[in-house]
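Enquirer: The structure's right below; bear with me while I get my questions together.
The values are calculated or read from the model by the stated rules, or taken from the named source; none is laboratory data. Computed from a predicted model, the values in this text were never measured in an experiment. Please note: Cβ atoms are built from the backbone with ideal geometry, for glycine as well, and neighbour counts cover all protein chains shown.
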Amino acid sequence: MIEETKKDAERRMGKSIDALATELTKIRTGRANPRLLDHIRVEYYGSEVPLNNVANIAIEDARTLTVTAFEKDMIAVIEKAIMTSDLGITPNSAGTVIRIPLPALTEERRRELVKVVKAEAESGRVAIRNIRRDANGDLKEMVKEKMISEDDERRAQEQIQKLTDDYVAKIEAMVGDKEKELLEI
């Protein structure tokens, strides 16, 4: 019972770390990264689909992405979706290829992005703590049902706290790396 609770908590914490990593890749640095466009969705035959389902995204050079639509009709739709996104970039259409130049980040913009990274990290820490709370609640329920003793509960809570500390440390390391990447010129 206790092992199942710990394994479930660890699995969920791992998923939280993966979700944070995905969010951090969307925050752009000075370099071109196709994952930057992952969250952009476009209208395709009446439904919203991810951009990478209707186009091929590639890196042309260090500061330029290219988007090649699978269907010629989609170019205007893709261009509009990129323009209206929260990225603050302007695509240039050249026939069947859309080029997206990524401007160099200003010092002010870098500082803003660091704040965004820290906010994402806080969300990740909150998710980890919520998982800890759920696991501890499960342990308390087991004690109430007399499935485990209070000593077992205390030991399990300490193990879950250690797990929580480990995952929070992973978040801190990820944030430190992303900050360094953002602030490097």
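Enquirer: Scan the stretch 107-161 for residues that are outside any helix (DSSP H, G or I), surrounded by fewer than 15 Cβ atoms within 10 Å (Cβ to Cβ) and β-branched (V, I, T) and jot them down.
Expert: Answer for the stretch 107-161, where residues must be outside any helix (DSSP H, G or I), surrounded by fewer than 15 Cβ atoms within 10 Å (Cβ to Cβ) and β-branched (V, I, T): there is none.
Enquirer: When the residues of the stretch 143-162 are filtered to those that are under 14 Å from E4 (Cα atoms), in contact with a helix residue (DSSP H, G or I) (Cβ under 6 Å, 6 or more places away or on another chain) and of a type in the set (A, V, I, L, M), which remaining residue is modelled with the lowest pLDDT?
Expert: For the stretch 143-162, the residue satisfying everything is I148.
Enquirer: Restricting to the stretch 74-104, give me the number of residues that are at pLDDT below 85 and of a type in the set (D, E).
Expert: 1
Enquirer: Right, another one. Could you please find all residues in the stretch 33-66 being within 18 Å of A81 (Cβ to Cβ) and hydrophobic (A, V, I, L, M, F, W, C)?
Expert: If the condition is that a residue be within 18 Å of A81 (Cβ to Cβ) and hydrophobic (A, V, I, L, M, F, W, C), then L36, L37, I40, V42, V49, L51, V54, A55, I57, A58, L65 are the ones that fit.
Enquirer: Can you report the number of residues in the stretch 150-185 which are among the β-branched types (V, I, T) and under 18 Å from R111 (Cα atoms)? So that I can check it myself, show each step before the final result.
Expert: The initial filter retains those residues of the stretch 150-185 that are among the β-branched types (V, I, T), namely 160, 164, 168, 171, 175, 185.
Cutting the leftovers down to under 18 Å from R111 (Cα atoms) gives us 175, 185.
The number of residues fulfilling the criteria is 2.
Enquirer: Identify all residues within the stretch 121-147 that are among the charged types (D, E, K, R) and within 30 Å of A173 (Cα to Cα); write none if there are none.
Expert: Within the stretch 121-147, E122, R125, R129, R132, R133, D134, D138 qualify.
Enquirer: Right, I27: under 22 Å from the mean Cα position of the chain (by Cα), of a type in the set (V, I, T) and farther than 30 Å from K140 by Cα or not? Please lay out each step first, then the result.
Expert: Details: under 22 Å from the mean Cα position of the chain (by Cα): yes; of a type in the set (V, I, T): yes; farther than 30 Å from K140 by Cα: yes.
Taking the combined requirement at face value, the residue satisfies it.
Enquirer: Further question: Mind checking which strands (runs of 3 or more DSSP E) fall wholly inside the stretch 18-106 and carry at least 2 residues that are of a type in the set (D, E) and closer than 29 Å to M174 by Cβ?
Expert: 55-61
Enquirer: Starting from the stretch 157-173, keep only residues that are under 17 Å from D18 (Cβ atoms) and in contact (Cβ under 8 Å) with a residue 24 or more places away in the chain, then list their pairs with residues that are part of a helix (DSSP H, G or I) and of a type in the set (D, E) whose Cβ atoms are within a distance under 7 Å, requiring at least 6 positions of separation or different chains.
Expert: L163/E10
Enquirer: Mind checking which pairs have a first residue in the stretch 88-114 that is assigned by TED's automatic domain parsing to the domain that holds T68 and a second that is assigned to a strand (DSSP E or B) and basic (K, R), Cβ under 9 Å, 6 or more apart or different chains?
Expert: Listed pairs, sorted by first residue: P91/R99; N92/R99; S93/R99.
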